[in-house]
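Remarks on the structure that follows.
The values are calculated or read from the model by the stated rules, or taken from the named source; none is laboratory data. This is a predicted model, so every value here is computed, not measured. Cβ sites come from the backbone with ideal geometry, for glycine too, and all protein chains shown count toward neighbours.
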C-alpha cells in the first residue's frame, strides 16, 4: 500500500473543518464496521464462555429429586445455596484445595526463581551457546502436557524409567508414585513443562532493558550480580508478575498430570485436585453439586489472579 | 564490547555453562528416554539400559502403533488435526477481526468489551470444560465433533494480543488514506490490517494450538466414542489398558509419533514467541 500520506491528511483536515456531516457519516461507518468485525467472535464468546458459566451458576442453585426409589422421573427444585454449603462442607473438596495450595506454594516460587536465574544468565554477555540453550529450554513447553504426563508416568515407573535405578545406585530407594512423594513428582512435572516458557517471557523483557543502564552500572564497578539485582530484576518486574499470575492460574487448574498419574499411583484419589473433585461429582450424576464446585473453583481462580495482580501493583506504587 | 569479555573471569563463564548445561540436561533427559525407548522391543524395554539403545525396533513399533485396534491411531491423528489445526486457525481469524476492531476503531462500548475479554483471559479454558459439558449434555450435543471444536474457536487471549498489536503496529494514517481512496472496511482489513498483524497472529495460532492440545479434560468429558477422540485421549486410554493387551511399546512409540511433528514445528516457529508475548503483557 503506497498511499500518499500528505494529501490524505489534507483531505481529512478539510473534511473535519468544513463539512461536519461527512465526519459523522465516517464515524457511523467505522462504528458499524467495528461491530461487524466483532460479531463473529462475540457470538462464539457469549455462547462458549458466558453461556456455560451462567448455565453452571443456574444449575448450582437447583437440586434434582427423584420420586420413588430413585427411578422415577426427576424433578428440579430450587435449592438456594444448599449446593454451595454441601460443597464447602465436603471434606474431599476442601482437601483438594489444600493439596493444590501445598504444591503451588513450593513449586511456583522455585520454578520462577530458576526461570529468572536462567534468563539472567542467557542475557549476560559471558554465557556461551545461548541460542542452543534457549531452544532446549523451550522444548518441554512445546511438548503437549497430556503426552508429557504419559511420558512421566512411565519415567517414574522403576521397571522402565531410569531415575529409580540412578537413585538406588547412590543408596536411595525412592518410589516416585508413593503417597507422599507423588506431590514432588507432580511438582517436578510442572517445573519441567513450564520453566522454559517462563524463562522466555522474562528473557524477552530483559532484552528490552536499555543497554546504557547496565553499562553505566558496569563502569561504576558493579559486578554481574549487583547489576542483575539492582537494575535488571527491578526492570523485569512486570514480566515476573505476569509469569507468576500465569503459574498461579496454572496451579489452580491442575488436572492433566495428577489425573493421568492416578492410574499408576494409588495415592492419587479421584478427588486429588478441585477439578478432579468436580468431575467426580458430575460423573456420579450430581450435576448440581458439580456445578457449584465448578463455580467455586472459577471464583477462587479469579480472586487469586486478580488479587495477586492488585497486590503487586500496589507494592510497585509504594516503592 | 571487548572490554567486557576481558573483564569477565573464566570462572564466571564456567559457572554459567555448568548451570545452563545442568538445566538443559534436565529438559532433555526425558525426551532422550522417549526417543531411545520408542526404538526398543517389548522385551528389551525392561531388561536393557533405559537411557541407551538396544536392538533397533522402531519400524516394527511404528507398524504396531498403526495396526493396533484396526488402525485407530490414524483416525485419532486426523481428529487431532481437525481440533487443533482447524480450531486454532478459525480462532485466530476470529481473534484477528475482533482484535483489529478493538485496536483500530473508536466506538461506544469498546472499553466494556475489552475489559470483559481481559477478565476472561484470567480464566483458563479448562475451567469451562465442566460447565460446557453440563450445557452440552442439556442440549444433547455431547459426543459430537462440535462439542470439542466449537469451544476451541474462542481465544480471549488471542483477541487481547491482537488488539494490543494492532493498536501499536498498524498506522492509523494508512487506514485513513485507504478509506479516502474508497476502499471498503473489509478490504482495508484484509489488505492492510491482516498482513501487518501476521507476526502476532502466528503467536495467537501457536498459543491456541497448545491450549487446545493441552485441554484434555474437555474431550475426556465430551467424547465417549473412540473414533471421535484426539490423540491425547486415545493414548491415555492405551496407557490404562495394559491388561487388555496394549503393550507399553505401542503407547510409548505412539507418544513419540504424536509429538515429533509438533516439536519440529515449534523449533522453527519459536522466534515468534519472543517479542510478541510480552507485547501483550501486564504493564
Study note, to complete from the structure: Residues of region B:257-282 being within 9 Å of chain A (Cβ to nearest Cβ) and modelled with pLDDT of 85 or more, in sequence order, are B:258, B:259
Study note, to complete from the structure: When every residue in region A:250-284 that is at pLDDT below 90 and more than 21 Å from residue A:156 (Cβ to Cβ) is compared, the one farthest from the other protein chains (Cβ to nearest Cβ) is A:252
Study note, to complete from the structure: Inside region A:114-135, the number of residues satisfying the requirement of being at the interface with another protein chain (Cβ under 7 Å from one of its Cβ atoms), free of Cβ contacts under 8 Å to residues at least 60 places away in the same chain and in a helix (DSSP H, G or I) is 3
Review point. Would you call residue A:261 out of contact with any strand residue (DSSP E or B) (no Cβ under 6 Å at 6 or more places or on another chain) and over 25 Å from residue A:84 (Cα atoms)?
Key: yes
Practice item. Output the number of the condition that residue B:117 fails; it satisfies all remaining conditions of (1) in contact with a helix residue (DSSP H, G or I) (Cβ under 6 Å, 6 or more places away or on another chain); (2) loosely packed, with under 15 Cβ neighbours inside 10 Å. Key: (2)
**Study point:** Top-ranked residue in region B:91-129 [being over 27 Å from residue B:176 (Cβ atoms) and facing chain A (nearest Cβ under 7 Å); ranked as modelled with the highest pLDDT]
**Key:** B:128
Review point. Which ones in region A:74-113 are free of Cβ contacts under 8 Å to residues at least 40 places away in the same chain, in contact with a strand residue (DSSP E or B) (Cβ under 9 Å, 6 or more places away or on another chain) and in a helix (DSSP H, G or I)?
Key: A:82
Point to revise | Residues satisfying the stated conditions in region B:131-172, i.e. away from chain A (no Cβ under 11 Å) and crowded, with 24+ Cβ neighbours inside 10 Å | key: B:148, B:161, B:165
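Checking the structure you have, find out if any residue of region B:11-18 is away from chain A (no Cβ under 14 Å) and either surrounded by 14 or more Cβ atoms within 10 Å (Cβ to Cβ) or in a helix (DSSP H, G or I) (or both). Spell out the reasoning first.
The initial filter retains those residues of region B:11-18 that are away from chain A (no Cβ under 14 Å), namely none.
No, the conditions are met nowhere in region B:11-18.
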Exercise for review: Would you be able to say whether some residue in region A:224-235 is in contact with a helix residue (DSSP H, G or I) (Cβ under 6 Å, 6 or more places away or on another chain) and at the interface with chain B (Cβ under 10 Å from one of its Cβ atoms)?
Suggested key: no
Point to revise | residue B:56 being within 10 Å of another protein chain (Cβ to nearest Cβ), free of Cβ contacts under 8 Å to residues at least 40 places away in the same chain and surrounded by fewer than 14 Cβ atoms within 10 Å (Cβ to Cβ) | key: no
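Only one of A:304, A:289, A:309 is more than 19 Å from residue B:215 (Cβ to Cβ), more than 10 Å from chain B (Cβ to nearest Cβ), in a helix (DSSP H, G or I) and in contact (Cβ under 8 Å) with a residue 24 or more places away in the chain; which?
Working: A:304 fails: more than 10 Å from chain B (Cβ to nearest Cβ); A:309 fails: more than 10 Å from chain B (Cβ to nearest Cβ).
One residue alone meets the criteria, A:289.
Quick check on this structure: which one of A:169, A:149 is crowded, with 23+ Cβ neighbours inside 10 Å and more than 7 Å from chain B (Cβ to nearest Cβ)? It would help to see each step written out before you state the result.
Details: A:169 fails: crowded, with 23+ Cβ neighbours inside 10 Å.
Going through A:169, A:149 in turn, just one is crowded, with 23+ Cβ neighbours inside 10 Å and more than 7 Å from chain B (Cβ to nearest Cβ): A:149.
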